[in-house]
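One structure below.
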Amino acid sequence: MPAILQRRPWLLVAAIAATLALGACSGFSERTRGALSAVTPYKVEVVQGNFVSKEQVAALKPGMSRQQVREILGTSLLNDVFHANRWDYVFTIRRQGVDPQERRLTVFFNGELMDRFEGDEMPSEEEFVATLDTRRKTGKVPQLEATEDELKKFAPKADKKADATGTPAAPVPALPAAYPPLEAAR
């Protein structure tokens, strides 16, 4: 027996206990894997880049200036010094329980004017929002019209003086067309 184990017998006991515990853990994890997979930690939703919709891509026309493209798509994610005539728009989203999404669009310029663009098929804004909505669908569409009785609840009440004398109350004065500057109020 090594000298260290003669001086510290508890070390041998601890090593045996650790070996037995590790052996028990492998059987434990196999039996409870199904239950543990149901309990997952929260993962933060990661959105990076510029979302470009189908509608924005449809608005792009060859011959547009860089400023016009920037007004439609926003500032590009990547402006490469070595490729000054190319803007890359990249959008990624990583969400728990959903495969990561990545979309790319590259806009090519000839001098100051857009020459062409190429990239992935972009979803419409409505399609993209639908993929983000994680609420359960009830299938029931709420009624969006008010009945005449419901509208009467919000009708303005007649002034009591107008009812008694038969003449309407004094009208509310109109707002001024412009307000004086704040500096003049001092």
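The values are calculated or read from the model by the stated rules, or taken from the named source; none is laboratory data. Everything numeric in this text was worked out from a predicted model, so none of it was measured. Surface accessibility is based on the protein's heavy atoms, side chains included, excluding ligands, DNA and RNA. Shrake-Rupley method; radii C 1.70, N 1.55, O 1.52, S 1.80 Å.
Overview of values
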read-out: 3J(HN,Hα) from dihedral phi, the stretch 93-110, Karplus parametrisation 6.51/-1.76/1.60, rounded to Hz, x for glycine, proline; value: 9, 10, 10, 5, x, 10, 4, x, 10, 9, 10, 10, 9, 10, 10, 10, 10, 10
read-out: Exposure rank, largest accessible area first [Val46, Val129, Val90; 1.4 Å]; value: Val129, Val46, Val90
read-out: In Å², nearest 10: area of Asp149 left accessible to a 1.4 Å probe; value: 110 Å²
read-out: Accessible area of Phe51 in the full protein assembly, 1.4 Å probe (Å², nearest 10); value: 60 Å²
read-out: Phi to ³J(HN,Hα) by Karplus 6.51 cos²θ - 1.76 cosθ + 1.60 over the stretch 119-130, Hz, x for Gly, Pro; value: x, 6, 5, 9, x, 6, 4, 5, 5, 5, 5, 5
